[in-house]
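Have a look at the structure below before the remarks.
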Amino acid sequence: MEKKFFVFLAVPFWVYLQAAPISFAADKPGNVQKGVEVHKKQCLRCHGAEGKGDGPASRLLKVKPADWRDPARMSSLSDEDLYRLVKEGGAAAGKSKMMPAFGAKLNDQEIYDVIAFVKSLHSKAK
Ligand code: HEC
């Protein structure tokens with residue numbers, strides 16, 4: 001009886017451990033769930049809740065952000081490109097300076113987390 005109960009708990013916990021921390025590079029582990037929180041606070045106003053590039057401030061942007069769900073547009077950006085874009089801003093990564101730098105607002109872990117979220121949108125897309 002007790003043994004069965006242990007298995008009952010252990011199996012879902014193991015599944016959770018396998019699935020929970022999604023990392024996009026061995027040395028840069030990002031947590032998608034934490035990334036969602038960073039996104040809501042810092043990125044949503046331009047990039048939109050679902051990363052479609054349709055946030056409330058996006059109408060004011062001369063250069064429109066990409067749809068993060070589109071693998072064709074997003075897969076050209078390497079992990080390093082994404083990191084530089086977020087940390088140093090668009091201008092440092094050959095993109096528009098309308099994309100602000102977050103190096104002063106976010107620490108590296110938060111940047112990895114938000115990148116993991118961004119990547120989860122197109123790597124999961126059909
Ligand atoms: C003030 C509006 C604004 C905010 C806030 C903002 N971005 Fe952007 N972002 C842009 C614009 C505009 C571009 C398009 C730049 C280009 O294509 O030249 C862009 C581009 C990007 C790109 C390249 C792919 C794309 O969408 O074109 C990534 C990745 C990105 N931003 C991530 C983030 C993350 C992560 C945050 C939050 C930490 C964030 N951005 C916050 C405006 C913003």
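Sorted from fewest to most neighbouring beta carbons within 10 Å, what does the list Asp67, Asp108 look like?
Numbers: Asp67 19, Asp108 11.
Listed from fewest to most nearby Cβ atoms, that is Asp108, Asp67.
Does the stretch 22-124 come out rounded, prolate or oblate, given a ≥ b ≥ c as the square roots of the eigenvalues of its C-alpha gyration tensor, rounded meaning a/c under 1.5 and, failing that, prolate meaning a/b above b/c? All intermediate terms of the calculation are to be shown ahead of the outcome.
Values: a/c = 1.36, a/b = 1.27, b/c = 1.07.
It comes out rounded by the Cα gyration axes.
Give me Val32, Val63, Val114 sorted ascending by neighbouring Cβ count inside 10 Å, so fewest comes first. Don't jump to the answer; show the numbers that get you there.
Details: Val32 22, Val63 10, Val114 27.
Final ranking by Cβ density, sparse to dense: Val63, Val32, Val114.
Mind sorting Tyr112, Tyr83 by how few other Cβ atoms lie within 10 Å of their own Cβ, fewest first? Intermediate values should be presented prior to the final figure.
Values: Tyr112 26, Tyr83 19.
By the 10 Å Cβ count, ascending, the order reads Tyr83, Tyr112.
Using the Cα centre as the reference, give the magnitude of the dipole from point charges on the C-beta atoms of the stretch 22-124 (Lys, Arg: +1; Asp, Glu: -1; all else neutral), rounded to the nearest 20 debye.
Values: 18 positive and 13 negative charges, 94 e Å.
Approximately 460 debye in magnitude.
Can you return the lysines within cross-link range of Lys34? Criterion is Cα-Cα under 23 Å, with same-chain partners fewer than 8 residues away left out.
Counting by Cα, and skipping residues close in sequence, Lys34 has these lysines nearby: Lys52, Lys87, Lys105, Lys119, Lys124.
What length, rounded to one decimal in nm, is gained on full extension from Asp79 through to Lys4, with 0.36 nm per residue of separation minus their alpha-carbon distance? List each step's numbers first, then the result.
Details: separation 75, 0.36 × 75 = 27.00 nm, distance 4.34 nm.
Extending this stretch completely gives an extra 22.7 nm.
Report the residues of the stretch 72-112 in range of a label on Glu37: point 7 Å along Cα→C-beta, backbone N strictly under 18 Å from it.
Under 18 Å, as judged by backbone N against the label point of Glu37, lie 105-112 of the stretch 72-112.
Read-outs: derived from the displayed coordinates by stated rules, not from any lab. Predicted model, so just to flag it, every value in this text is computed and none were measured. Cβ coordinates were reconstructed from backbone atoms using ideal geometry, including for glycine residues, and neighbour counts include every protein chain displayed.
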